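Here is the structure we will look at.
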Amino acid sequence: MLNFLYKDALVLLLREVLNRIQFRYNQAQLEELDDETLDDDQQTEWQRYLRQSLEVVAKVMELLPSHAFSTLFPVLQENLDVYLGLRQFVVTTSSSRRLNITAENDCRRLHCSLRDLSSLLQAVGRLAEHFIGEVFAARFSDALAVVERLVEVTCYGSQTSLYDLETAVPSVLKPDLIDVHAQALAALQAYSHWLAQFYSETLSHNQSQFINLITSAVDACSPLITTKVPEKLLLSSCHLMVSITSTVRPVFLVTLPAVQNIFNLITTENHRSRLPQEAHILVCRALSNMLLLPWPNLPETEQQWQTRSNSHTSLLSALTREYRILRATADISPRQPVLDNVKAVIQQTLPVLRDLVDGISSESTKSRQICYQSLQESVQVSLNLFPVFIQQSDVTDEMLAFFLTLFQALRVQMGVAFTAQIIHTFLSMFTREQLAASILEEGSAGCRVVQKFLKILQVVVQEPGQAFKPFLPSILSLCMEQVYPVVAERSSPDVKSEMFELLYQILHQNWRYFFKTSVLTSVQRGAAEDTMENEAQFTAAMQAFGQSFLQPDLNIFKQNLSYLESLNSKHKLYSRKLFRTSMLFHFINVLLQVLLHKSHDLLQEEITLAIYNMASVDFDAFYSVFMPEFLNNCHGVDTNQRAVLARNFKLEQDLPSFTQSVQRLVNDLRYYRLCNSSLPTGTIKL
């Protein structure tokens, strides 16, 4: 419990912070803050100042909820009254609608009030998390008052279209009016989790209050989902619709007239009324959510899946109307001018479909089944079109992004046979020349295409069971014979990272493809006498990992070192006979050389731990065979110095002592080399 002294201080702090973010009390300082230039976090100076201030408000709310709310809400109400009173100043003529506030002083006061209201709406949105969970019932009346007020404001803004008024100072007041409306929608969106809890609490009794809130919120959004509205407002209303459909999920939503209007807008074939792509994707997601996501607190028998499935099929059919017609263009020549139109349709449709699939990736099997059923024809069209556009990386990039999402979310629904058909198509289309040409355009769409292709293969090789095992030789061959030779001596960090991730997953998930140890054998003889298969491919993979440690890319080095350590902890890689007898000392040597060259000092701990894990496989061989040979081959030191280094390298077998020995060896060897290099030539015999 906070004592009274702290309570008073915190309430005082809250009041002061609220005053500091309001133009009404702090105009001179706030007007000095830059609200145009974005910093590294994509925030302006003003936005950063406001965000930091709101974090203080949220912290006080956490400690003193009732005091914080009773301080903030009246301030919000006061500014809301000014905004809600603007209706009386709207003058409508046959040709225009105008805000009849023209005096310079009145305009300045209105500007300050609107800026303050925008900030206070953000503050109220920031507090939403403090009304849910265990405190829902205790703080219900306060939260209800906020949500009712937010619904009132958003409905008022949409009904009066204040964003569309002519004003005396359009460059100032119009953005203010748009921002207030957008922030009100965003604040209401912040309370979607509270609305979801309200919904579940009222399922057993009178729901009229909840139904009215949701109906009004949707009524506020619907008129804004049009090309005639400023994009900031359009996107705010779309995001609110997505939150209502994904978080709250009311059963009655799809029956509301405002929702039917949105359905009609999106599914009607009218290019002039098509929303900007980001807004179009959000609205499609909201509509799809309504039909795919399970309704909360209802048994499976009451989910109306068949009706919803039919509606979803109709929705997708309308959204992909133009795209599915492209099936007939699969045999056209890439030189035909019509291809530009085809590309436009592909690049408009696939991001929408990808987003819908992504949205249900963690949902129930039923949701995913319905989604795939609706998408099936479009997926087949995509596969048919893929060979046509293999040379056009911007389109291939979009297609592979779609297929990657499908593989991640719906591979069970797609079935083994069709998935195999897709993989076969991809493997046959991506020739060595095609891959090389794509990779050489570093940072381009071509590079992104190869990355996504490798990501798809990662999903495939991780699949349990035997269904996709027949593809392993082809995937390994593509990895080691087609991709690796192109990226080996180039930086290509993005492609290289995905290629090594694929290589790791092949080894980790398909260990028995290389080592055929039976349970009985491993119990009787340990892992040493494994029956090795596909030895050449395993060796090539290990050489690729080893080669990556000789290159300067710190991220690839760290990633690959962690992969080797993971393979060792899960499959005892370092103890396997082939690795132990022909690779182990090479890896230790490379890692010690890296420490000596100080090229990867940020990874010193990880490198030393890996050396220890490799050496601990056979400490006797490490100390009696590897170390003498390593020191003997060290250039830049004489015989006596080698002897001192060998004497000082203690035969330790615990990690802390071993680490100290390695660090001392590295430091001493560097020191000797530095001293020797500074002496006149011939002073010592190296």
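With respect to the chain, whose longest principal axis is taken over its alpha-carbon atoms, helix 208-221 is tilted by about 80°.
Extension gain Glu481-Asp358, at 0.36 nm per residue separation less the Cα-Cα distance, in nm?
Numbers: separation 123, 0.36 × 123 = 44.28 nm, distance 3.27 nm.
Separation in residues times 0.36 nm, less the Cα-Cα distance, equals 41.0 nm.
Taking the convex hull of the alpha carbon positions in segment 170-313 and averaging its projected area over all directions gives 9.4 nm².
When the alpha carbon gyration tensor of segment 354-500 is reduced to an equivalent ellipsoid, the three semi-axes, largest first, read 26, 17, 14 Å.
Shape descriptor for segment 41-166: Rg over Rh equals 1.04 (Cα atoms; Rh from the Kirkwood inverse mean 1/r).
Which three numbers, in whole Å and largest first, are the semi-axes of the equivalent ellipsoid of segment 580-686 derived from its Cα gyration tensor as √(5λ)? Numbers along the way, then the final one.
Values: eigenvalues 117, 47, 32 Å².
After diagonalising the Cα gyration tensor, the semi-axes are 24, 15, 13 Å.
A Förster distance of 41 Å, applied to the separation of the beta-carbon atoms of Lys7 and Phe252, puts the FRET efficiency at 0.40.
For segment 159-179, the residues whose amide N sits under 20 Å from a probe point set 7 Å from the Cα of Glu36 along the beta carbon direction are 169-179.
With all projection directions averaged, the alpha carbon convex hull of segment 1-84 covers 6.9 nm².
Taken along the Cα-to-beta-carbon direction at a fixed 7 Å, the label points for Arg512 and Gln376 span 3.3 nm.
Any chance you could run the full-extension gain for Leu203 through Ser566? It's 0.36 nm times the residue separation minus the Cα-Cα distance, nm to one decimal. Mind showing how you got there, number by number?
Working: separation 363, 0.36 × 363 = 130.68 nm, distance 4.90 nm.
Contour length minus the Cα-Cα distance gives 125.8 nm.
Rg over Rh for segment 430-490 works out to 1.01, using Cα positions for both radii and the Kirkwood form for Rh. For the chain, the longest principal axis of the C-alpha atoms and the axis of helix 639-648 are separated by about 60°.
The convex hull defined by the C-alpha atoms of segment 222-270 has an orientation-averaged projected area of 3.6 nm². Between Gln43 and Ala145, the contour length at 0.36 nm per residue exceeds the alpha carbon distance by 33.6 nm. The trypsin sites (Lys or Arg not before Pro) found in segment 586-665 that occupy coil by DSSP, while having at most 10 further C-beta atoms within 10 Å, are Lys598.
Per residue, what accessible area does the chain have, given a 1.4 Å probe and all protein chains present, in Å²? Don't skip to the end; give the middle numbers.
Details: 31930 Å² over 686 residues.
I get 47 Å² per residue for this part.
Would you mind computing the Rg to Rh ratio of segment 560-631 from its alpha-carbon coordinates, Kirkwood style for Rh? Rounded to two decimals, Rg over Rh is 0.95.
Over the chain, what is the relative contact order in percent, taking alpha-carbon pairs closer than 8 angstrom and at least six residues apart? List each step's numbers first, then the result.
Details: 692 pairs, mean separation 41.7, N = 686.
Over the chain, the number comes to 6 percent.
Axis of helix 535-548 versus longest Cα principal axis of the chain: the two differ by about 70°, to the nearest ten degrees. Split the accessible area of the chain by element, probe 1.4 Å, and carbon with sulfur accounts for 50%.
Note that segment 571-579 has calculated 3J(HN,Hα) couplings of 10, 6, 3, 5, 8, 5, 4, 4, 5 Hz, one per residue in order, obtained from phi through the Karplus relation 6.51 cos²θ - 1.76 cosθ + 1.60 (θ = phi - 60°); glycine and proline are x.
Which FRET efficiency value, to the nearest 0.05, is calculated for Ser95 and Gln547 with the Förster distance at 51 angstrom and r the Cβ-Cβ distance? For Ser95 and Gln547, the calculated efficiency is 0.10. In this structure, the amide hydrogen of Arg97, modeled 1.01 Å from its nitrogen in the peptide plane, lies closer than 5 angstrom to those of Glu166, counting only residues at least 5 positions away or on a different chain.
Using the alpha carbon gyration tensor of the chain, what are the three equivalent-ellipsoid semi-axes (square root of 5 times each eigenvalue), largest first, in whole Å?
Working: eigenvalues 670, 267, 132 Å².
Here the semi-axes work out to 58, 37, 26 Å.
The values are calculated or read from the model by the stated rules, or taken from the named source; none is laboratory data. A quick note: this is a predicted structure, and the numbers were derived from the prediction, not measured. No Cβ is skipped: glycine too gets one built from the backbone with ideal geometry, and neighbour counts run over all protein chains shown. We work out accessible area using only protein heavy atoms, side chains counted, and drop any ligands, DNA or RNA first. Shrake-Rupley method; radii C 1.70, N 1.55, O 1.52, S 1.80 Å.
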